[in-house]
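Participant: Supplied in structure tokens, the structure appears directly below.
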Amino acid sequence: METPSYPAYCFKASPTHFTWVKISALDLQNLKRGIGVYYYLNHPIRYVYLAGLIVSRTEAPWHTILTLDDSSGETAEVVIKKQSMQSNETVEQVEQEEKEQEGYEKEVEEEGGGGGGGGGEVHISTTEKSILDISKLEVGVLVKIKGSITTFRTINRVQMERFEILADTNEEMCFLRDRTRYFVEVLSVPWKLSAEEVAQLHREAEQDEEELQAKRKRAERRVKKRARLEERERRVILKAYERRQSSYSII
């Protein structure tokens, strides 16, 4: 089956690029990694939506890992980042520490987890940096999870953004029906654009770039104008100071 490839400026016309894509754990592992995006066939995907049973919960120093079983033949690892509330560090500082400690973090994971949570720690979403209360997300709970995609070694993971606990298996079955319908109608069919659509998207991308450049130039002009005004004001103040000093010398 032919799967045409399109440049990034076409992604906004994709039915999967900027939406929560209902996907199974099996298909999550089949996604191919691109630059800032993942692909199923030629569908660009950034955000995914899964549902299943939590079969394990592992605490590591910098995050909690949930393993989700959706009966697709694979499980999905869901990562929820932690932030310490025992210091005045910002989320950005905590993330920098995570990056610096990446080697140690991987070692802890390979050994099957590490230090537990709690002790003044909260969980945060990756993109919005909002606090997530995952205290009810224990083994045996049915849950729907939305998140972005990341890769650890060769395993595709989900970085949690939002979640919803399912009341029973009926709700899970409704989600599975919707997921199957989405797979049949969207994911399993290669995304195609006509030559005219690609040309139009290219023109729009060029217009967007021109507008961005114009906005940057306007911002640069404002900065230069402000600098000139500040320099003029500085000279006025300096001259006034020099005149005052001269008058003191005459006296």
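Participant: Just one of (1) closer than 28 Å to Lys22 by Cα; (2) out of contact with any Ser or Thr (no Cβ under 8 Å at 6 or more places or on another chain) trips up Val236, so point out which.
Facilitator: Among (1) closer than 28 Å to Lys22 by Cα; (2) out of contact with any Ser or Thr (no Cβ under 8 Å at 6 or more places or on another chain), Val236 violates only (1).
Participant: Something else about it: What number of residues within segment 39-74 are touching a helix residue (DSSP H, G or I) at 6+ places or on another chain (Cβ under 9 Å), more than 22 Å from Leu176 (Cα to Cα) and not aliphatic (A, V, I, L, M)?
Facilitator: 4
Participant: Shifting gears a bit: When you scan segment 164-171, do you find a residue that is within 23 Å of the chain's Cα centre (by Cα), at pLDDT 95 or above and not in a helix (DSSP H, G or I), even just one? Give the derivation first.
Facilitator: Keep residues of segment 164-171 that are within 23 Å of the chain's Cα centre (by Cα), which gives 164-165.
Filter once more, so that each one left must be at pLDDT 95 or above: 164-165.
Imposing the further condition that a residue be not in a helix (DSSP H, G or I) reduces the set to 164-165.
Checked segment 164-171: at least one residue is within 23 Å of the chain's Cα centre (by Cα), at pLDDT 95 or above and not in a helix (DSSP H, G or I).
Participant: Could you list, in sequence order, all residues of segment 194-251 that are over 30 Å from Phe11 (Cβ atoms) and of a type in the set (Gly, Ala, Ser)? Lay out the reasoning, then the answer.
Facilitator: We begin by selecting, within segment 194-251, every residue over 30 Å from Phe11 (Cβ atoms); these are 221-251.
Correct list: Ala227, Ala240, Ser246, Ser247, Ser249.
Participant: Just name the residue that is nearest to the chain's Cα centre (by Cα) out of those in segment 21-44 that are surrounded by 18 or more Cβ atoms within 10 Å (Cβ to Cβ) and in a strand (DSSP E or B).
Facilitator: Tyr38
Participant: Assuming Glu74 fulfils every condition listed in (1) in contact with a Lys or Arg (Cβ under 9 Å, 6 or more places away or on another chain); (2) surrounded by 15 or more Cβ atoms within 10 Å (Cβ to Cβ) apart from one, which condition is it?
Facilitator: Result: Glu74 passes all but (1).
The values are calculated or read from the model by the stated rules, or taken from the named source; none is laboratory data. Computed from a predicted model, the values in this text were never measured in an experiment. Ideal geometry is used to build each Cβ from the backbone, glycine not excepted, and the neighbour counts take in all protein chains shown.
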